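Working notes, structure below.
Taken together, the values in this text are just the output of simple stated rules run on the coordinates, not laboratory data. On a predicted model such as this, the values are computed, not experimentally measured, just so you know.
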Amino acid sequence: MKKTCFLCALAVLMGTQAWAGDVVIDQKDKQFSKKALKVKVGDTVEFRNSDPFAHNIFSLSDTKAFDLGSYPQGQSKKVTFDKAGKVEVECSIHPSMQMVIEVEK
Ligand SMILES: [Cu+2]
């Protein structure tokens with residue numbers, strides 16, 4: 001009984017973490033792994049570079065303007081979205097790379 005409850009609690013904890021946890025957006029073949037993404041205010045998105053060359057992810061949006069700078073394969077950088085609205089994300093090196101993040105309250 002005790003053991004079951006412990007596993008139960010663990011599953012709930014892990015479920016909570018998955019729900020509230022960070023989202024990873026991969027950059028591969030000059031593409032974001034998702035074209036559109038919905039997150040909640042306060043969520044953090046991790047932008048990972050899996051291409052054998054650098055990307056420079058940025059946004060000029062009013063909701064969240066940022067510039068992650070150029071970084072190589074294997075590295076990732078995080079952005080926390082603290083305001084509701086739309087965020088258009090682009091790569092300054094590859095203009096064809098675009099995605100939209102919708103931040104909800
Ligand atoms: Cu790029």
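Using θ = phi - 60° in the Karplus curve 6.51 cos²θ - 1.76 cosθ + 1.60, the 3J(HN,Hα) couplings for the range 35-49 round to 7, 9, 8, 10, 10, 9, 3, x, 6, 10, 10, 9, 9, 9, 9 Hz; x is entered for Gly and Pro.
Amide H contacts of residue 100: 36, 37, 89, each under 5 Å away and 5 or more positions distant or on a separate chain (H built 1.01 Å from N in the peptide plane; Pro and chain starts excluded). Going down the table (28/77; 30/83; 30/105), which pairs top 26 Å between alpha carbons? 30/83; 30/105, as the Cα separations exceed 26 Å there.
Distant-in-sequence amide contacts of residue 43, defined by a placed amide H-H separation under 5 Å and a gap of 5 or more residues or a different chain, comprise 81.
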